[in-house]
Amino acid sequence: MKRVLEAFGEPILYGGQESFVFKTIKNMNKSRIDIDFLTPYFMNNPMYQKFAQSIKAKIYIFNLPFKVGGNRFNVISKYNRLLKKNKYDIVHIHSGSISILAIFTLLAKINGVNRIIVHSHTSGENKNFKHELLKRFFSPVFSKMATVLLAPSYDAAYWQFPKKAFKKKGKLIKNGIEVDKYLFNCEKRKKIRKQLEFSTNDTVLGNVGRLSSEKNQIFLIRLLKSLVVINKKYKLLLVGDGPQYKILKTIVEKQNLSSNVKFVGNVNNVEDYLQAMDIFLFPSKYEGLGIASIEAQASGLPIIASTGVPEDINITGNVKFLSLGSPINEWIKVVRATDVNNRLNNMAKDRIVDKGYDIRTTAAELRRIYLENDK
């Protein structure tokens, strides 16, 4: 039996990083594998807690204060103590913070963990001095102490890891999804649109993600403001929560768009809300890959994404890319020209499965990585 610790560098909430881990493990053959979870901060996702309990996994929560971009060195003593007390064979590290990835790797090595898997789930908007300094400083940790480096795309890989190290130790692993769950369902569409008070004539633009600066939902409100001048039937559905919720809500109210924008918060049934949408908008400043875009394609939605999103997401051929630097009229033109009456379905499923984005394929690959060289 191999003891595995899934070590998160952020709170366990509803993000793509958490979704990847819990859904992949849910679909994994867990024979010969005993899995626990860790966050130095807090956990606020009842569904993931219930799943962990169902597989008899321990969840370690340190309840340390968390601040985006803040100092992370307060995790060291508690994480080190945990590794000393519990002898894990494998530690799989997940974080958007290069310092957390490195600290967790270093302490795993010091505590004799045999297999250290370091996973970059995101990229960045642009290079900055602090990030490049940290990347250079921690380069030997990833090059010499990590066993395997994982990422969903080369953008995410090269944002956190030295290219030379990733070429030697790296593997791309797809952000697989439970494809059948997302397939278009007309009855669900009617139900959710009625619940949200959208009419059959409304054109619903949607986005799923953390309400934060890098996800750039503020751009969508600006876009919607221009669209409703042309046609008041345009609506915006935002699924997710985050630090910019109050800011976005205030902007919506000041722009007199309250009747056109719905905030539904964090949900565990994203697939149902995708049914209600007509176009999925993905204006992120940067993404490691963007699992929400794969889910949206599985539901047959056309996607309009920023060029900050890796082109790897275009699995179905139903994705258009526009620069955030383009005039807003370019985005308006593409939105209005998008055919919302020809929703892809089974063809989308086939393409997603063929490209390896089925969660069962991802789960089998991650299990193989866990048990590689195991006799």
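The values are calculated or read from the model by the stated rules, or taken from the named source; none is laboratory data. Every value quoted in this text rests on a predicted model; they were computed, and no experiment measured them. Ideal geometry is used to build each Cβ from the backbone, glycine not excepted, and the neighbour counts take in all protein chains shown.
Looking at the range 88-119, which of its residues are farther than 16 Å from Arg367 by Cα, touching a His at 6+ places or on another chain (Cβ under 9 Å) and either free of Cβ contacts under 8 Å to residues at least 60 places away in the same chain or hydroxyl-bearing (Ser, Thr, Tyr) (or both)? Correct list: Ser95 only. Of all residue pairs spaced 6 or more apart or on separate chains, those with beta-carbon atoms under 7 Å, a first member in the range 224-252 that is within 25 Å of Ala292 (Cα to Cα) and a second member that is at pLDDT below 95 and among the basic types (Lys, Arg) are Gly240/Arg210; Gly242/Arg210.
Can you confirm whether the range 345-352 contains a residue that is among the small types (Gly, Ala, Ser) and either touching a residue at least 60 places away in the same chain (Cβ under 8 Å) or within 27 Å of Ser19 (Cβ to Cβ) (or both)? Yes, the conditions are met somewhere in the range 345-352.
Within the range 13-51, being free of Cβ contacts under 8 Å to residues at least 40 places away in the same chain, in a strand (DSSP E or B) and surrounded by 18 or more Cβ atoms within 10 Å (Cβ to Cβ) holds for Ile35, Phe37, Thr39, Met43.
Filtering the range 118-155 to residues that are exposed (fewer than 15 other Cβ atoms within 10 Å of the Cβ) and not in a helix (DSSP H, G or I) leaves Glu125, Asn126, Lys127, Asn128. With a requirement of 3 or more residues that are of a type outside the set (Lys, Arg) and surrounded by 21 or more Cβ atoms within 10 Å (Cβ to Cβ), the strands (runs of 3 or more DSSP E) lying completely within the range 210-311 that satisfy it span 234-239, 279-282, 303-306.
In the range 269-288, the residues that are farther than 19 Å from Asn318 by Cα and not assigned by TED's automatic domain parsing to the domain that holds Ala151 form Cβ pairs under 7 Å with partners that are in a helix (DSSP H, G or I) and of a type outside the set (Val, Ile, Thr), at six or more places apart or across chains, as follows: Val270/Glu295; Asp272/Lys188; Gly288/Asp155; Gly288/Ala156. Looking across the range 1-12, the residues that are part of a strand (DSSP E or B) and within 20 Å of Leu101 (Cβ to Cβ) come down to Val4, Leu5, Glu6, Ala7, Phe8, Ile12. The set of residues from the range 321-375 being at pLDDT 95 or above and of a type in the set (Phe, Trp, Tyr) comprises Phe321, Trp331, Tyr370.
With respect to the conditions (1) part of a helix (DSSP H, G or I); (2) buried (at least 22 other Cβ atoms within 10 Å of the Cβ), Ile93 falls short on a single one, namely (1). Residue-level check: of (1) in contact (Cβ under 8 Å) with a residue 40 or more places away in the chain; (2) under 30 Å from Ala296 (Cα atoms); (3) of a type outside the set (A, V, I, L, M, F, W, C), Arg72 misses just (2).
Residues of the range 52-75 that are outside any loop (DSSP other than H, G, I, E, B) and either farther than 26 Å from Ser212 by Cβ or among the hydroxyl-bearing types (Ser, Thr, Tyr) (or both): Gln53, Ser54, Tyr60.
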